[in-house]
1. With the cut-off at 1.5 for a/c, could you classify the range B:38-99 from its C-alpha gyration tensor as rounded, prolate or oblate?
2. Looking only at other chains, what is the average number of their beta-carbon atoms within 10 angstrom of each beta-carbon in A:141-154?
3. Within 14 Å, Cβ to Cβ, of A:L30, how many net charges do the neighbouring residues add up to if Lys/Arg are +1 and Asp/Glu are -1?
4. Let me know the Rg and Dmax you get for chain A when you use only its Cα atoms, in Å.
5. Work out the charge dipole of the protein assembly as shown with +1 on the Cβ of Lys and Arg and -1 on the Cβ of Asp and Glu about the Cα centre, then indicate which of A:A69, B:V85, B:V61 is farthest towards its positive end.
6. Just report the Cα centroid separation between the range B:1-77 and the range A:93-137, whole Å.
7. Over the C-alpha atoms of the range A:130-175, what are the Rg and the largest Cα-to-Cα span, Dmax, in Å?
8. For chain B, take the longest principal axis of its alpha carbons; what is the angle in degrees between that and the long axis of helix B:39-54, to the nearest 10 within 0 to 90?
Amino acid sequence: MFTGASQFALVGVIGAGGSVWAGAATAALLGSRNALYGLRLASLLDVRGVRRVAAAQFVLDETTAMAIARDDPRQSRFAFWATGFALFTFWNLGTLAGALATHALSNPKLLGLDAAPPAAFLALLAPRLRSREPLAIAIAAAAVAIVVLPFVPAGVPLLIVALLVSLYGLFGRAA
Amino acid sequence: MIWAGVLIASASCYALKLAGLSLPQRWLQDPRVQRTVPLIPIALLAALVATQTFSTGQHLVLDVRAAALVVAIVAVVLRAPFLVVVAAASLTAALLRLL
């Protein structure tokens, strides 16, 4: 899995005591946006066969942003692959370092590390809130998750929120 | 069991990316799909922020994480970089626990 928000979410749900399947579903739902990124990149990259299989793993927020910000398709392709390789390398080295380093931590709470995941999710969320509707959706989603949380197993509030926002997006507004 | 979930989630995330590159353009070009898919991460990330701040297991709790979230909100409003936001929140929680 190479898509940060999904990785954080999977770990977050399991860490909060949720089932691994609720975590996996949340991770996949968060990854759904990458399909739309792929759609935008498909004509730009024009990759086939093995190159497409490799390119798919690099379809992310960052690579899409870098690729579509270029006017010239050749520069777009370069931006996509360069950003993808750099991210893939350093992201996974960082993950490995983190996995090895946690064994040295006796109590992560002492370092305030239990406050890190919400801050990380907030930092991922903030750039998407530049207009009124996303902000209203974010506030409503947070409220719904908190209200249902005591009544359903851990992780399930996220799935309820995903279902509600999908229904809202598909049927809630006039075209 | 955990690894089965991790593998399935990984396969799903990869399949979604490959589908975007491979499926006929018109399948994903339905305006309702185009409108809805970007809303899903917004709602899920907001719900994750809320649940990871205000709960332990299935219980709602108000502790130093709430103060850390306030600091994180200030940091993102000031457009601080990702690591600064996370570090500021962690530091807030750690310092408040020392009090």
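1. The shape class here is oblate.
2. The shielding value for this peptide is 5.
3. Counting the neighbours of A:L30, the net charge comes to +2.
4. 18.3, 54
5. A:A69
6. 12
7. 11.6, 36
8. 30
FYI, it's all coordinate maths here, none of it is from the lab. Keep in mind the model is a prediction, meaning the values are calculated, not measured. Cβ: placed from backbone, ideal geometry, glycine included. Neighbour counts: every protein chain shown.
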